[in-house]
Every structure is written in structure tokens, then in C-alpha cells.
Amino acid sequence: MKMHLKDHFSEMAEKAEKIRKQSNGALKKTIIATLVVSTISINTAFADTKNLSNQPKLQKIYHVYVNNEYLGTVSDKGMVESLVEQKVNEVREVYKDYELALTTDEISFVPEQVFRETNIQNEKVLQLVNEQVDVTAEAVAFKVDGEVVTYLENQDKVNELIKTLKLQYVSEEDLEKLEARKQSGEELPPLAEGESRILDVYLSKNVTISLEEVKPDEVLPIDQALQLLKKGTLKEEKYVIQEGDVLGSIAEKHGLKLKQLLELNPDYTEDTILQIGDELNVTVYKPFVDVIVEKEISSIEEIPYETKTVEDSSMFKGDTKVVQSGSKGEKAVSYRISQVNGSEVNREFLEEKVLKEPVERIVHKGTKVVPSRGTGSLVWPTNGGYISSYQGMRWGRYHKGIDIARPWDYTIKAADNGVVVSAGWAGSYGNRIIIDHQNGMRTLYAHLSQINVSVGQTVAAGQKIGVMGSTGNSTGVHLHFEVYKNGVLQNPLSYY
């Protein structure tokens, strides 16, 4: 009798497996509203049931299959259904507006009647179902040149993303005008002076879409998808400033130019003092797609005036006089400009129209030379030498001129034509000469060992007036040289 029952249940199991393979009642991969599972009723009939009255009561168990792969046996199919429902509800709680589906093609249950629940694998089966069965969302794959870049909720989100990307570089008003003009097919009127208009806005690469089922967390909101398209990444790489770092070395270490590093970190300049521990953004952005803007502009540009110099023998050399003030002209210039991600990459000249002619500036320049009057141009007062001390603060006081030492010889020369107004001892200056150049300028020569001119004498530029020395408050042989204009101390080096 035991052999008969064993054979009978083996036959029932084979029939059940056949029914499982033929059944249309399995849980298919579809939008989840309810879980539909297969049920199989197996009738057991025996020739003599009375002789089986002492047999144990039959119990039902379930063999669980996922995608036709056998996972094991459970005592209650409801625990599998509840697990799947729980996973769906958890996802639906977060992604309320998405159409959800299962990642598996089929979950099926094959029931079997047994005398006792043997070889039940509830925990193992539930773990395998949890690992192999997941919930997906129907989303739109956003592809650039055939490669998936991201996923969006639906077609409307794709259109919104593309529009938002374009609006990073053009105004919404300009974009609407462009779309309206494209739809109407109207021809463009001539561009008015100072006017600009968008000719086209488009993406640098081919964008296509397709419907796919993906994990809901792979579907990005518009703001994150926009960042991904513009920067090529959602995560920026940071570098922590260390001891000894400088901006140039940090940029080089990360394959950047210093200008790029500063653009990535707008709070920094070349002169910023780096603080150890601070972070710098060193992400090299590689956009998945560029926005190209074609525009036409008519800009008003200045036409510079020219300056004409006329020599005038009635004016002293070194004097100038403006007899006609210059004024700039104006012109309207049209260009066709191409921009990539907001940066101009090409400018094509179209035409220009002069709106106002420039007016020439005319200057008269004096050529008349008088021995007692300076030309305004100073010659070097020594035969060579070097500057041993510059004008400015020195030893707690202001040094009014420059010191020149170690010339080829010790001859001191007049820096320009003029009249000697002082020649003699002057305290800390030692032997000193002052020349009035009769044009608002005066020059002073100090610490001379010898003076070769007298007060009232007219001298020419380059004429010997004395010999270099170390008289007065001096630490060595040199010339102390000062320049004044209209009574105001000047830096002598401004004239050389």
C-alpha cells in the first residue's frame, strides 16, 4: 500500500509540473495592481477509501518557480505574495506617480498534496525571491548618440529637460520667438542698428529616446538630469589643500590650467592665500551634450580719430598746442556669432555702415630753439654710471632724487638748456648747482667736487657744469640729481 501511495503521488507531481508549464495563471511581468497566482486542484481517489481511514490527513505545500527556475518549497504561497506586495508598496510609497512592474517575467506556484510538510524551505525561498524579484518603473531613456545618459519619468520630462538646458544660454522670450518663427516659416527682416536676434538653438549631438523598465532610483529629476548633461557628472571631485600647495601645482596635478581651476572656484584669485584643510573643486567638466546658439547682432562701435601733428616754428621746442579737438566716429557693424555653452567660438563679419565720421585731432608742435630755454627732454647728467639709490623713503626720511655712481668719468652735464640760478655751497648738499630751464622745469645737482658755471650763465643741454664729488652729507663719490616741474618734485626716471 505504501508503494502504491508513493507511485500515486509521484504521478500527481509529474502532472502538476506539466500543468505548471502549460498554465496561463502565473504572475507575469506586468503593471502591478494585484497578484494573480496559479491554482491547481488535485483530486485523489482510491479504490478502497475505507482502508485509508487510518492514514494521516493530506496537507498542501507549494513549489515556487521564478522565471522557470525552481527556488524551493513553501508551506503557504501567501507569504511569497505578501513579500512581493510589500516590495511593491514600499516602492510605490516613494514613487507614487510611476507605473511599476516586476523585474521577473514570471512567478509561479505548483501545489502538491502531502501527508506531512516535509522539506519545507520557507526562509530560503523568501530570501531568494527577495533577491531575484525587484520592482521596476517604466521610464524614458534619454540617449545621446545612441548611448543612454539618464532616465526620465516620461516624454514631457524629456521635453522639459531639453528646454531647460537651452534656457541656460538664451532667454525664454527669445526661445519662444524662435520657435514661433520656425513654425510660421517667415523670412527675417533686415537687422536694425544695435539690434540682435537668435537664429537657432540646437544640441551638438543627436538625442533619441526609448521606453525602458529600470529601477525607480535610476530615474532622475529635472535638476539632477540637467547637471549631468552640463557637467558630465553628478559628483564633483574635491581636493583638500595641503602644506606647500600653490594654485598652479594643484591645477597641474589634476590636468587643469590655472584659469580653469579659478573658473571652477570663483571665490579664489591668483592672489588668494591658501588655507590648509580648505577644499577646492577640481572636477574636469565634460558635458554629454553642448548647446549651440547661432545669433546675429548689429553693434554700434566707435571709430577712433587720428591725430595730426604740425610743426610750428613760432612755438618753442617742447611746447605743444591742440588747435582742433578730435572726436570719435560711430559705425553699425553686423556679425554672425556662434556660441557653445555660452562661450563665443566664432564671429563672422557681415557688413558695416558708418553712422558718424570721426574728426581729426590737430596738434601744433613747437620747433623754435632758444639756448636759455629747455626742450622738455632731459639728457642723462653723467657719462654712464648706475643708480645707487632711488627716490623714496631711505634711512627714515624721504630721498628727493636719485643717486648716480661709478660713471665712465666724473663730468657732470646740464640735463637741458637753461640758466644757472644757484651755484655754490648748500649745507648737506655740498657743492650744488640749480638750473632753471625757463619752461617750468628746474634740475638740481649736488655733492660736486668742482663747479664750472656761475649764476646767470646760460647753458646748453649736455654742457659740462661741474665734476662729481662727495661734498656735504655724502658717503662716497656720486651725483645727487633732483627734478622739479612748476615747483613740484618729480621722479627723474619719468623723463628717461
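The values are calculated or read from the model by the stated rules, or taken from the named source; none is laboratory data. Note that the structure is predicted; figures quoted are calculated from it, not measured. Virtual Cβ from ideal backbone geometry, glycine too; neighbours counted across all protein chains shown.
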TODO: Say whether the condition of being surrounded by fewer than 21 Cβ atoms within 10 Å (Cβ to Cβ), under 30 Å from Val369 (Cβ atoms), aromatic (Phe, Trp, Tyr) and out of contact with any Leu (no Cβ under 8 Å at 6 or more places or on another chain) is met by at least one residue in the range 411-433.
DONE: no
Task: Residue satisfying all of: in the range 104-122; in a loop (DSSP other than H, G, I, E, B) and surrounded by 15 or more Cβ atoms within 10 Å (Cβ to Cβ); nearest to the chain's Cα centre (by Cα) among these - done: Thr104
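State which residue is nearest to Leu199 (Cα to Cα) when the search covers only the range 160-184 and only residues that are among the small types (Gly, Ala, Ser) and assigned to a helix (DSSP H, G or I).
Step one: filter the range 160-184 for residues among the small types (Gly, Ala, Ser), giving 171, 180, 184.
Going one step further and asking which of them are assigned to a helix (DSSP H, G or I), we end up with 180, 184.
Numbers: Ala180: 12, Ser184: 14 Å.
It comes out as Ala180.
To keep it simple, each residue is scored yes or no on (1) modelled with pLDDT of 95 or more; (2) in the same structural domain as Pro407 (by TED's automatic domain parsing); (3) outside any strand (DSSP E or B); (4) charged (D, E, K, R).
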residue	(1), (2), (3), (4)
Gln438	no, yes, yes, no
Gln450	yes, yes, no, no
Val455	yes, yes, yes, no
Ala461	no, yes, yes, no
Val467	yes, yes, no, no
Thr475	no, yes, yes, no
His480	yes, yes, no, no
Val483	yes, yes, no, no
Open item on the list: Of the residues Val363, Val345, Val323, Val333, only one is under 30 Å from Lys231 (Cα atoms), part of a strand (DSSP E or B) and of a type outside the set (D, E, K, R); which?
Closed with: Val345
Open item on the list: Can you find a residue that is in contact with a helix residue (DSSP H, G or I) (Cβ under 9 Å, 6 or more places away or on another chain), farther than 30 Å from Val354 by Cα and outside any loop (DSSP other than H, G, I, E, B) anywhere in the range 285-292?
Closed with: yes
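Can we say Leu229 is touching a helix residue (DSSP H, G or I) at 6+ places or on another chain (Cβ under 8 Å) and farther than 30 Å from Thr103 by Cα?
Working: touching a helix residue (DSSP H, G or I) at 6+ places or on another chain (Cβ under 8 Å): yes; farther than 30 Å from Thr103 by Cα: no.
Judged against the criteria, Leu229 is not a match.
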Open item on the list: Going through Thr103, Thr73 one at a time, which residue ends up being within 14 Å of Leu128 (Cβ to Cβ), in the same structural domain as Val125 (by TED's automatic domain parsing), in contact (Cβ under 8 Å) with a residue 40 or more places away in the chain and in contact with a His (Cβ under 7 Å, 6 or more places away or on another chain)?
Closed with: Thr73
Open item on the list: For the list (1) free of Cβ contacts under 8 Å to residues at least 60 places away in the same chain; (2) touching a strand residue (DSSP E or B) at 6+ places or on another chain (Cβ under 7 Å), I need the number of the one condition that Phe481 fails.
Closed with: (1)
Open item on the list: Suppose we filter Lys177, Lys215 for residues that are under 30 Å from Val148 (Cβ atoms) and among the basic types (Lys, Arg); which single one remains?
Closed with: Lys215
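When you look at Lys295, is it more than 27 Å from Ser204 (Cα to Cα), among the basic types (Lys, Arg), in the same structural domain as Val354 (by TED's automatic domain parsing) and in contact (Cβ under 8 Å) with a residue 40 or more places away in the chain, yes or no?
Numbers: more than 27 Å from Ser204 (Cα to Cα): no; among the basic types (Lys, Arg): yes; in the same structural domain as Val354 (by TED's automatic domain parsing): yes; in contact (Cβ under 8 Å) with a residue 40 or more places away in the chain: yes.
When the stated conditions are applied, Lys295 does not pass them.
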Open item on the list: For the range 124-179: of the residues being touching a residue at least 24 places away in the same chain (Cβ under 8 Å) and small (Gly, Ala, Ser), which is surrounded by the fewest Cβ atoms within 10 Å (Cβ to Cβ)?
Closed with: Gly146
